[in-house]
Amino acid sequence: MRRGPYRFAIAFLFAALPGAATERPAIGDPVPMPVMRDLRGGDRSLKELAGRGGIVVLFWAGWSERSIQELRRLDAAAPEMAAHGIAVAAVSVEHHTLDDAETMRLRDQVDRLGVHVPVLVDRGLTLFQAYGVVTIPSTAIIDRNGRLAYFLFGYSHEQREELFDAIDRLAGITRRPAPAKPLEVAPAARRRLQLGRLQLAQGHEEPARSSFETAIKADETFADPIVELAALALDSSDAVAARELLDRAAALQAGHIGVRRERARLAALETRVAEAQAALDELSASSTDAIAAAYLGYLLQAAGDSRRAAAAFDRARDISGLDPRAYGGPDSSAAALALRAMTAYRREVAVARH
């Protein structure tokens, strides 16, 4: 169930469609599991296809190479997943409607791929719209109670491992990695990191930057100061530098929470807000990172979702003891002010937490 080649993501917007998707259901919300048509003309219910532990639903299209990569990987993993009560279904969203000839072409393609999981047709793209899909491929994990447990936009190198980790969690699969020597951070690097965070909280940005750079020189395998420099780049809206630094940190420590969190902020900065919300939603649900919860709250507040924003703020406050609402100001509904609030809260919590 692991590792595949990296390709560029393919995203597309169905804004011209009547009733196009505008909002994805939140993690924990019940989601529709309707009866759909398979490639042989039969009716298949997602609810009936689901295993005792839930179901993974892939929204895919034959023109998307990444879709095909993910479809093949899910198909290969399906027997193991089925043994743990998790089913897989692939929902084709290639066409708004399919005539007989298009259905035949799709069936031939699936046959050539050698895929065995059920492939269903989303007539009128109704399920696509109901799940708030904006990127192909996208993947929903639905638990045994018919509630959304995880949602992934795209299928990048980093994202695909998060997806399969989420499937493992739902299935109750524990994978034991090969024993590795624990990483020991050079004491000088840790001291400089803590000094930099304190300087940053006091508003001394350039001395903090120097401290983080010194920490990196003291231990080039320590990802945390690199993440801090990436966060500083995001504070000044330097997306190019932030992306390079986050990639560098991720190469040192796969799955670093700070990398995942700041990549979500990068997505928000680049106006990929739905992707940012989805990443932060998952991170907030699966970790005790107060900053990620606060980031999510600020984005939801900027989008006008005050109920979910309040829940995210409460979670951040419960974890850190610091209420994000105190950092947003009265006008944090504006996207730019929400990003500034993220900066202020992160700098304060980093010191309080460490």
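The values are calculated or read from the model by the stated rules, or taken from the named source; none is laboratory data. It should be emphasised that the depicted structure is a prediction, and the values quoted were computed from it without experimental measurement. No Cβ is skipped: glycine too gets one built from the backbone with ideal geometry, and neighbour counts run over all protein chains shown. Surface accessibility is based on the protein's heavy atoms, side chains included, excluding ligands, DNA and RNA. Shrake-Rupley method; radii C 1.70, N 1.55, O 1.52, S 1.80 Å.
Selection over segment 238-249 of residues that are surrounded by fewer than 20 Cβ atoms within 10 Å (Cβ to Cβ) and assigned to a helix (DSSP H, G or I) gives a count of 7.
Taking the stated definitions as given, is Leu170 of a type in the set (A, V, I, L, M) and farther than 21 Å from Arg24 by Cβ? Criteria not met by Leu170.
Of the residues screened, Leu234 is not one that is under 21 Å from Asp165 (Cβ atoms) and touching a Lys or Arg at 6+ places or on another chain (Cβ under 6 Å). In segment 321-334, the residues that are more than 18 Å from Arg308 (Cβ to Cβ) and modelled with pLDDT under 80 reach residues that are open to solvent by 40 Å² or more (accessible area, probe 1.4 Å) and not basic (Lys, Arg) with C-beta atoms within less than 7 angstrom, at least six apart or across chains, in these pairs: Gly329/Leu337; Asp331/Leu337. Being at pLDDT below 90 and part of a helix (DSSP H, G or I) is not true of Ala310.
The residues in segment 117-142 that are within 20 Å of the chain's Cα centre (by Cα) and open to solvent by 40 Å² or more (accessible area, probe 1.4 Å) can be counted, and the count is 2. Per this entry, Ala285 is not counted among residues that are part of a helix (DSSP H, G or I) and in contact with a helix residue (DSSP H, G or I) (Cβ under 8 Å, 6 or more places away or on another chain).
Selection of segment 335-354 for residues being at pLDDT below 70 and assigned to a helix (DSSP H, G or I) yields Ala335, Ala336, Ala350, Val351, Ala352, Arg353.
Residues in segment 119-133 that are assigned to a loop (DSSP other than H, G, I, E, B) and either aliphatic (A, V, I, L, M) or under 13 Å from Val35 (Cα atoms) (or both): Asp122, Val133.
The condition (being modelled with pLDDT of 90 or more and under 23 Å from Ala254 (Cα atoms)) is satisfied by just one residue among Tyr150, Tyr131: Tyr150.
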